[in-house]
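Enquirer: This is the structure I have questions about; it appears just below.
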Amino acid sequence: MRNYFIVSLLLILITDSICAEEKKSEKNTVINDLTIGKIETLLSERKQGLTIINLWATWCPPCVAELPHFGNIYKQYSDKDVRLYLINIEGKQAKDSVLKPFLQKNPLPCPVYLLEDGGPDELEKVLKTELSGALPITIIYNSDGKIVKKFEDSITENDIKSVLEAHHILPTSQK
């Protein structure tokens, strides 16, 4: 009886430990460093489907408000036809002091990219569009690297879905 109790207790402790690790890993959003050159490469790869680029900052309330919408899009359209790049523009100096603490409090299921270099002029050239300076901005590109939709304001999940559906891209669960 005593052995049964000890084995049961060990199983409970192991299971609890595994569950705690899973919850912990869900809260650690991956942060990838990104350069202007890498953005240019991403847009020139000519992969099938659409590429969504969202420029945002932690100090921008509309940016923060729309992040959960992108998290849901990432979960629902996780196939190879949609590539999502949430690009924080606060610079590499903000990674440890601003971005990491923000993402600890506001975890996302998708990776976040931190723009390491480049100013507005370089971004405009690489993104192939004028930037007003307002945030957030979301630009959706087709497989040829051409802009199919540009939002210069906060958007909703339905805004993104309507563009995806117009290009015959359905959520993973509906395929």
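Enquirer: Can you report the number of residues in region 142-159 which are touching a strand residue (DSSP E or B) at 6+ places or on another chain (Cβ under 7 Å) and either hydrophobic (A, V, I, L, M, F, W, C) or at pLDDT below 95 (or both)?
Expert: Qualifying residue count for the region: 6.
Enquirer: Being within 18 Å of the chain's Cα centre (by Cα) and surrounded by 16 or more Cβ atoms within 10 Å (Cβ to Cβ) narrows it down to one of K161, K105, so name that one.
Expert: Being within 18 Å of the chain's Cα centre (by Cα) and surrounded by 16 or more Cβ atoms within 10 Å (Cβ to Cβ) holds for just one of K161, K105, which is K161.
Enquirer: Another question about this same structure. Go over the candidates A57, A65, A20 one by one and state the one that is over 25 Å from K125 (Cβ atoms) and either touching a His at 6+ places or on another chain (Cβ under 9 Å) or modelled with pLDDT of 80 or more (or both).
Expert: The conditions single out A65.
Residues are listed down the side, and each one gets a yes or a no for (1) of a type in the set (V, I, T); (2) out of contact with any strand residue (DSSP E or B) (no Cβ under 7 Å at 6 or more places or on another chain); (3) closer than 18 Å to W56 by Cβ; (4) surrounded by fewer than 15 Cβ atoms within 10 Å (Cβ to Cβ):
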position: L84; (1), (2), (3), (4): no, no, yes, no
position: V98; (1), (2), (3), (4): yes, yes, yes, no
position: P101; (1), (2), (3), (4): no, yes, yes, yes
position: P120; (1), (2), (3), (4): no, yes, yes, yes
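The values are calculated or read from the model by the stated rules, or taken from the named source; none is laboratory data. The structure presented is a predicted model; accordingly, all values stated were derived computationally and were not measured. Methodologically, a virtual Cβ is constructed for each residue, glycine included, from the backbone with ideal geometry; neighbour enumeration extends over all protein chains shown.
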